[in-house]
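> Quick one: the structure is below, and I'll ask about it shortly.
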Amino acid sequence: MAVATAWLRRGVWGPARRCGLAAGRSYSGGSAYPSVSLTCPLPGVPKAVFAAAEGRERFETRVTVLENGLRVASQNKFGQFCTVGLLINSGSRHEAKYLSGISHFLEKLAFSSTAQFGSKDEILLTLEKHGGICDCQASRDTIMYAVSADAKGLDTVVNLLADVALQPRLSDEEIEMTRMAIRFELEDLNMRPDPEPLLTEMIHAAAYKDNTVGLNRFCPVENTDKIDREVLHLYLRNYYTPDRMVLAGVGIEHEQLVECAKKHLLGVEPVWGSRQTKDVDRSVAQYTGGIVKVEKDMSDVSLGPTPIPELTHIMIGLESCSFLEEDFIPFAVLNMMMGGGGSFSAGGPGKGMFTRLYLNVLNRHHWMYNATSYHHSYEDTGLLCIHASADPKQVREMVEIITREFILMAGAVGEVELERAKTQLKSMLMMNLESRPVIFEDVGRQVLATNTRKLPHELCALISQVKSTDIKRVVTKMLHKKPAVAALGDLTDLPTYEHIQAALSSKDGRLPRMYRLFR
């Protein structure tokens, strides 16, 4: 190594680099190396063709609107497989005039028998021929039918999606099976050790009392027997219309997807008929604030050799903003800055061990089992929450710690802390968008809401522009709202809603002092 370095310093290898081979050197047999320059084309060797970066249009999301109002959106991603699906502007937030739980039913009934396919097994066998899998997910504002399969089977996939969404049979047997599945899921929801799905329902119900995103996402037990084919058809007639749909695809050519959409989704008569819609709910979310409490014995949630201790779970939230507003990006950075998680973590890069809820809460208070920040955002509102859990005897202290963290959000934000949160957010964004199904969902949801799509590099640029003053501005505005509180478990020592509200209105986030004559 030292000899090589000395040769480089003296320039001995200079001529060899210029002519391609060292002059005067020879093979072991004695014959000299040919003096050929590697910068010139070699005789008899075809000219090299180098790959070049193609135009930016290859990476942009293309959108076409069909005559019936259906939007077709696609994104190039190279590979053998594609992900294609229908996203529909329909969910539990639209059920105010209907029986609660219809979206939950439709999610469970998805990919059952249709006009063309006699059973779910027939659908799965058809997909298997193209190496495909299917899934349906219903959220508060969107229902998504998706298929991942070989790109060569695109026509079959789009035909299947159209049939599943517009021509379901909804037989009595399938509806009865769905009722059983929903009852089991509701029972499981109340028994599982992780209460996060239940708390998310409760915080939405508290924040948006009896309206839009505050309506229950899960079907209430009393409605399982009331929902039948007639009720479902009445709902589908109003919400499963082409102007409320996006056919999104990743990993296929746009023209090919448009042709398949025209063939299978244009001029198709749904099984429930195509009469004029009249009961479409266009309500805007009304943030109310409030509290939802569920007293529950959590002592036997997880028994066994290493049982989970009895915990009380609290979630406190404040209204943020919709994903269509400019403040959405500062709120996303704030959520990443708060971070948090469980009291146990394996550590390592990207685990958020330097976020505020780890440094200020979990690292300082050993009795806290969880402190996690969540940000839920919709097209007309948003909710920033902190979920915490601890022993029932420490509930009051836990609530005060969380209210203090909300107040501290409006304080000074360090430059290193802010840059770390922005870098982590960009890293998470880019990492998630490596996955084809995630790109599909991103394309579909953005086009459904805005008719266009912001590309990852545009989002990264917006994240980079966030300043500490932006964080302080959005937090100050957020703290003027009434809080939403969800509480689950032994709530004997839970402070009153008025005391929590007073703490969030104070300078230091402390709860009002309580004086008792007898303890």
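The values are calculated or read from the model by the stated rules, or taken from the named source; none is laboratory data. Bear in mind that the values here come from a model prediction, so they are computed numbers and not experimental data. Neighbour counts are summed over all protein chains in view; Cβ atoms, including those assigned to glycine, are modelled from backbone coordinates with ideal geometry. Ligands, DNA and RNA are stripped out before the accessible areas are found, and what is left, the full protein with its side chains, is counted by its heavy atoms. Shrake-Rupley method; radii C 1.70, N 1.55, O 1.52, S 1.80 Å.
> Hey, with R₀ at 35 Å, roughly what FRET efficiency would T288 and H233 work out to, going by the Cβ-Cβ distance, to 0.05?
After rounding to 0.05, the efficiency reads 0.60.
> Work out which chymotrypsin sites (Phe, Trp or Tyr not before Pro) in the chain are exposed loop sites (DSSP not H, G, I, E or B, at most 15 other Cβ within 10 Å) and give the longest gap free of them.
Result, exposed sites excluded: 79-343.
> Still on this structure, please answer the following. Between T496 and R364, what is 0.36 nm times their sequence separation minus the Cα-Cα distance? Round to one decimal in nm.
45.0 nm
> Kyte-Doolittle mean at least 0.0 and Cα extent at least 30 Å along the axis: which DSSP H helices of the chain qualify?
none
> Moving on to the next point. Working out 0.36 nm times the residue gap between S37 and A410, then minus their Cα-Cα distance, what length gain in nm do you get to one decimal?
127.7 nm
> Still on this structure: At 0.36 nm per residue, and after removing the present C-alpha to C-alpha distance, how many nm does the segment from N432 to F78 gain when stretched out fully?
125.8 nm
> Another question about this same structure. I want the local charge near K226. Using Cβ-Cβ distances under 15 Å, sum +1 for each Lys or Arg and -1 for each Asp or Glu among the other residues.
After counting each charged neighbour, the total is -3.
> For a Förster distance of 56 Å, can you work out the FRET efficiency between the beta-carbons of T452 and D225, rounded to the nearest 0.05?
Once the sixth-power term is evaluated, E becomes 0.80.
> Which part of the range 103-120 falls in the paramagnetic zone of E269, meaning amide N under 20 Å from the point 7 Å along Cα-to-beta-carbon?
Taking a point 7 Å out along Cα→Cβ of E269, the residues of the range 103-120 whose backbone N falls under 20 Å are 114-117.
> In whole percent, and with a 1.4 Å probe on the protein chains, what portion of the accessible area of the range 143-192 is carbon and sulfur?
Within the range 143-192, the accessible surface is 54 percent carbon and sulfur.
> In a shell of Cβ-Cβ distance under 13 Å around E325, excluding E325 itself, what net charge do Lys and Arg (+1) and Asp and Glu (-1) give?
Counting the neighbours of E325, the net charge comes to -4.
> Take S37, S389 and sort them by solvent-accessible surface of the protein heavy atoms, 1.4 Å probe, largest at the top.
S37, S389
> Apply 1/(1 + (r/R0)^6) to the Cβ-Cβ distance of E295 and E122, taking R0 = 45 Å, and write down the FRET efficiency to the nearest 0.05.
Working from the Cβ atoms, E equals 0.40.
> Add -39500 (n - 2.57) for each DSSP H run of 4 or more in the chain, then divide by its residues: what number comes out at 222 nm, to the nearest 500 deg cm²/dmol?
-11000 deg cm²/dmol
> Give me the net charge of C460's neighbourhood, meaning all other residues with Cβ under 11 Å from the Cβ of C460; Lys, Arg count +1, Asp, Glu -1.
+2
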